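For reference, the structure is listed below as C-alpha cells.
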Amino acid sequence: MSIAPEQVEAPATDAVLFRSSPWRTFIAVFLLLMVSFGVVSPIVAVAVGGTGNPWWQTFAQAGSISAVAAGLYAWSTRGALRTWVRVSSGGLELAAQDSDPILLAWEDIETVVVRRVGLRSVLDVTPIDLDRVHPVDDEGPGGPAMTDTGDGPAFTADLSEIWPGPRALKRELARRMPAKPTA
C-alpha cells in the first residue's frame, strides 16, 4: 500500500495537491456509458422494430447497468490505483499508481511534460540526475514507473483520474517551473 499525501509533510506551506478520485472515475465512466447508450439505443430500436417498452423504462435499465459497471471499474484494481502530485515552492512530489512518493526540488528537474496518449493524459518528469531524486520512504517497493524520453529517463504518471485535472496541473507546473537559461 502506498503512502497517502496526508502521511507526508509537504515541503512548503504553499503546496497544491492533485490526486486521483474514485468518485470522479465513477462519474466519468457512468456518463460515458449513458451517452453510448443514448447513441446506440435508437439505432437498435429501429433495427429490431422497437422494443415495446416505454422510453423511461429503457433509460432506467441503462442507468442501473451503467451504475453497476462504473462502480465495478472505479473500485477495481486499475481504477483504485492512487496517484497524487503535490506542487509547491519546495519542489514536486509524485506518487503514481500506488508507488512510493518521490520528491524533486525544482533545480533537480530537467523537464516536466504533460502530454496526451490517446484518451489519457500523462505526466513525464525528467530529473537532471537520478541521484538527486529523494524518496519520501526508503522501505517501499520504489518510486513511480519510468520511461525513456529524448531528455533521458523520466518518471511517468497517468493523470486521467486526477482532480482538479491535468490542465490545472499544467498551469501550476508552468507557474512553478523555473525558466532554463538558453545557451
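The values are calculated or read from the model by the stated rules, or taken from the named source; none is laboratory data. Being a predicted model, the structure only gives us computed values, none of them experimental. Virtual Cβ from ideal backbone geometry, glycine too; neighbours counted across all protein chains shown. We work out accessible area using only protein heavy atoms, side chains counted, and drop any ligands, DNA or RNA first. Shrake-Rupley method; radii C 1.70, N 1.55, O 1.52, S 1.80 Å.
Observations on the model:
- Degrees separating the helix 166-176 axis from the principal Cα axis of the chain, which is the longest one: 20
- Segment S64-R175, extension gain: residue separation times 0.36 nm, minus the distance between their alpha carbons: 35.7 nm
- Helix content alone sets the calculated 222 nm mean residue ellipticity of the chain: runs of n ≥ 4 DSSP H residues at -39500 (n - 2.57) each, divided across all residues, give -11000 deg cm²/dmol.
- Accessible surface calculations at 1.4 Å, restricted to protein heavy atoms, place the range 1-112 at 55 Å² per residue.
- Taking Cα atoms only, the orientation of helix 22-48 departs from the longest principal axis of the chain by about 30 degrees.
- Rolling a 1.4 angstrom probe over the chain with all protein chains present gives an accessible area of which 61% lies on carbon and sulfur atoms.
- Cβ-Cβ FRET estimate between V35 and V113, R0 fixed at 30 Å, reported to 0.05: 0.50
- Compared with the alpha-carbon gap, the fully stretched path from I27 to A15 is longer by 1.6 nm at 0.36 nm per residue.
- Residues with amide H under 5 Å from that of G152, placed H, sequence gap 5 or more: none
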